[in-house]
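J.: Before anything else, here's the structure in question.
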Amino acid sequence: MKQALNLKQKQIPRLSMQTWLPLLQCSLSDLDKHLQVISNENPCIDVNSGFEVSEGSSAGSHQAYLEYQNHVSNASTDEIEWMSVSTQSLYEKLEEQIAAPLFPTPISQRIAKQLIYYISDEGYFEGDMELIAKELDTDVYQVERVRQRFAYLEPSGVGAVDYKESFLFQLNDVEMDEELSILVGAMITRFESLEKFLKHPRLHDAKEVISRLKNPPALAYMEGEPPILPDLFVRFENGEFTIKMNNAFYPDVKVTQIDKYDNFAKQKFKEARELVKLLDLRKATLYNVTLVLLEKQYDFFMGGELKPLKLQDVADELGFNESTISRAISDKYIETEQGVFAFKAFFSNAIGDVSTAEIKQFLKRLVQSEEHEKPYSDKILHEKIEARFGIKMVRRSIAKYRQELDIPAFKERKFLYKLQEI
């Protein structure tokens, strides 16, 4: 079942391509700001924000937004403090602490400020000590001495080279007796052999301390993900799929004539009317792309796996250029009964006849079912995937897929598993 576009591709050249392409590519969350900029240059356009929640409107059509608002309104004291703290960047926080008595001399302050440049957004030090020493005309020993003082900075654990050292840095802020301090330190440095501590009488206390440590250390300063606004909703109702635009968040554009009747007024009025048509075309394009996705990826919408699908396949189906479809799906989302998905997630490359999406799902299931004592290395995962699908692929693809699925490397998974068991 196909629904014809309200405006055909051949009509677009008569409209303003300069207006059309940015409008098509703009995400729903940025659409209001984009239209406000246009309206500021055109007196015939009046834009009412699509983010106003009208009284009596359906909560379902604002799900992502309302969940975010609900999270904020019900936030704990710690979360509210985090929201306040996180308005200051990590690097601003570190910079203001580079002073006496911790860094009493000009050279120690210079080194500390240089070290900040090599701290990642997560709070880990990723620099080359020899290079930094050379840049500051000093020696590696002096640079390392200054870096070790980061153990007393906020956020606790920042400036460490890895999570082990970060945990040790963070212990400076934890009050413990000597016995517990020695035990916790030993567990952190020897995480590969945690089973040796299972019979220690203070194991429960040590586990409680470790569970309070933060990884990564700068988590509170990392930029949070904005709420996702789906452009469309796909529902299975009464034995068939229905598609609904998220009109509740679309800005309302009104066109009005101005008193003057000259070439300027006529041109602006024409541009305003074109803008309304382009907004309709934007909606129609996304609607029809969704229709094609429902047909091509029917198994997925019914709870199955994604099939290989290229942008050109959809472009051919709708009579658009591939570049137009690419712009149309950029930063756009569909809310389905399985969750919210980016449009681009429905387009999957293939290795042989197997989609990368199907490979990722199998990879995810392998990790979920692995033995905690012997997590699968990337080499083993690679071998199992090749055997399962009868394909050949390079091993580095496994690491790439893991990262995209937020699956830690096998050593880190082993550490996390052991923490759960003790």
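J.: So, in the stretch 165-199, how many residues would count as being in a loop (DSSP other than H, G, I, E, B), basic (Lys, Arg) and more than 35 Å from the chain's Cα centre (by Cα)?
T.: Here is the first cut: in the stretch 165-199, the ones in a loop (DSSP other than H, G, I, E, B) are 174-177, 190, 198-199.
Right, trim to basic (Lys, Arg) and you get 190, 199.
Filter once more, keeping what is more than 35 Å from the chain's Cα centre (by Cα): 199.
Residues that pass the stated criteria total 1.
J.: Taking VAL158 as the residue in question, decide whether it is in contact with a strand residue (DSSP E or B) (Cβ under 9 Å, 6 or more places away or on another chain), at pLDDT 95 or above and crowded, with 16+ Cβ neighbours inside 10 Å.
T.: yes
J.: While we're on this one: Just wondering, is there one or more residues in the stretch 195-203 that are of a type in the set (Lys, Arg), under 21 Å from LEU416 (Cα atoms), crowded, with 16+ Cβ neighbours inside 10 Å and assigned by TED's automatic domain parsing to the domain that holds ASP121?
T.: Yes, the conditions are met somewhere in the stretch 195-203.
J.: Within the stretch 362-372, is even one residue among the small types (Gly, Ala, Ser), in a helix (DSSP H, G or I) and either within 22 Å of the chain's Cα centre (by Cα) or closer than 28 Å to LEU311 by Cα (or both)?
T.: The answer is no, given that none of the residues of the stretch 362-372 is among the small types (Gly, Ala, Ser), in a helix (DSSP H, G or I) and either within 22 Å of the chain's Cα centre (by Cα) or closer than 28 Å to LEU311 by Cα (or both).
J.: Do we have ALA357 as in contact with a Pro (Cβ under 9 Å, 6 or more places away or on another chain), part of a helix (DSSP H, G or I), closer than 30 Å to LEU286 by Cα and in contact (Cβ under 8 Å) with a residue 12 or more places away in the chain here?
T.: Spelling it out, ALA357 is indeed in contact with a Pro (Cβ under 9 Å, 6 or more places away or on another chain), part of a helix (DSSP H, G or I), closer than 30 Å to LEU286 by Cα and in contact (Cβ under 8 Å) with a residue 12 or more places away in the chain.
The values are calculated or read from the model by the stated rules, or taken from the named source; none is laboratory data. Please read all numbers here as calculations on a predicted model, not as lab measurements. Positions of Cβ are backbone-derived with ideal geometry, glycine not excepted, and every protein chain shown enters the neighbour counts.
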